[in-house]
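Laboratory data are not the source of any read-out in this text; all were calculated from the coordinates shown. Every value quoted in this text rests on a predicted model; they were computed, and no experiment measured them. All Cβ positions, even for glycine, are placed from backbone atoms using ideal geometry, and neighbour counts span all protein chains on display.
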Amino acid sequence: MKTIRMLKTLNYMVQFSPARLDACFSALSDSTRRGVIEHLGTADASITELAEKFHMTLTGMKKHVGVLEQAGLVTTEKVGRVRTCKLGPRGLEEGAAWIEARRHIWNARFDALDEIVEALTRKEKVDGRQRE
Amino acid sequence: MGDRGSDGHTAVDRRSERELIVTRVFNAPIRLVFDAWTKPELFKLWWAPRSIGVPILSCEMDVRTGGSYRITFGRDASDAMAFFGKYLEVSPPSRLVWTNDESDAAAVTTVTFEEKDGGTLLVLQELYPSKEALEDAFVGMEDAMPEQFVQLDELLISLDASG
């Protein structure tokens, strides 16, 4: 078990280039871009469709999609005159795994803390009853 | 979205470029949860749980504003690793703030305790000096322990030999 966890951790460290993480998190710091990601999670869309959905100019939406594309969160493909956007294959997974690695540590710690404080609470209740 | 993780117990949220927030509700009175963070004999029972893989060797805590702490991890003194710093604020039973001075790029940690439905809502904030510092911070103790890399080397050698 221990070695599997270690390999996973090492894998996280190798997998996350700081530059990519920067691009990923800064792309997600904007609510329109998060909206675009959410929308593309349900269906692919053209830039025109996205611009209409988010009440933006075509130029404005092109900029947002450009940022998401740079971060590897979205890929685009031009067929004829239409540029179609879809979710990138692993951008979001990378950000989520980075958080998950941190959550893993804190959760292990807090599970242990939980046991301690529940034991203290039980002990206090018993001591309280004995004093009555 | 991609900047949040939760399993219903411990939630981790990257609140900003330099800031990580961890929250959890404990089914115990605020006073006892605060004790578990400020009494060394209790603190060392949970800060390095077995699954983290490296035991606490020693734990000294002078829990008052301006006081210092020093915690060492490892199997024995020869491979020990020290984490140390100063308490910037100690306000029982609701708030603790400390520095992590083992590295220039380390965070300032703030823990707040708040009563919630008879239990305790705990919010831990790590504020790093820069976004690079946050992203490069160790995921956990296991990354930092040379001993673990020795184990990994051994494993990789044995895998190589059997492959």
Most exposed first, judged by fewest Cβ atoms within 10 angstrom, A:MET56, A:MET61 run A:MET56, A:MET61
Please compute the modelled spin-label separation between B:GLU17 and B:THR112, points set 7 Å along Cα→Cβ, answer in nm with one decimal.
2.4 nm
Mind giving me the nanometre distance, one decimal, between the label points for A:THR42 and B:GLU89, set 7 Å out from Cα along Cα→Cβ?
4.2 nm
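For a Förster distance of 22 Å, can you work out the FRET efficiency between the beta-carbons of B:LYS44 and B:ASP104, rounded to the nearest 0.05? Mind showing how you got there, number by number?
Numbers: r = 26 Å, r/R0 = 1.20.
Plugging the Cβ-Cβ distance into 1/(1 + (r/R0)^6) gives 0.25.
Fully extended, how many nm does the chain gain between B:SER78 and B:LEU121 (0.36 nm per residue separation, minus their Cα-Cα distance)?
Details: separation 43, 0.36 × 43 = 15.48 nm, distance 3.85 nm.
Stretched out fully, the B:SER78 to B:LEU121 stretch lengthens by 11.6 nm.
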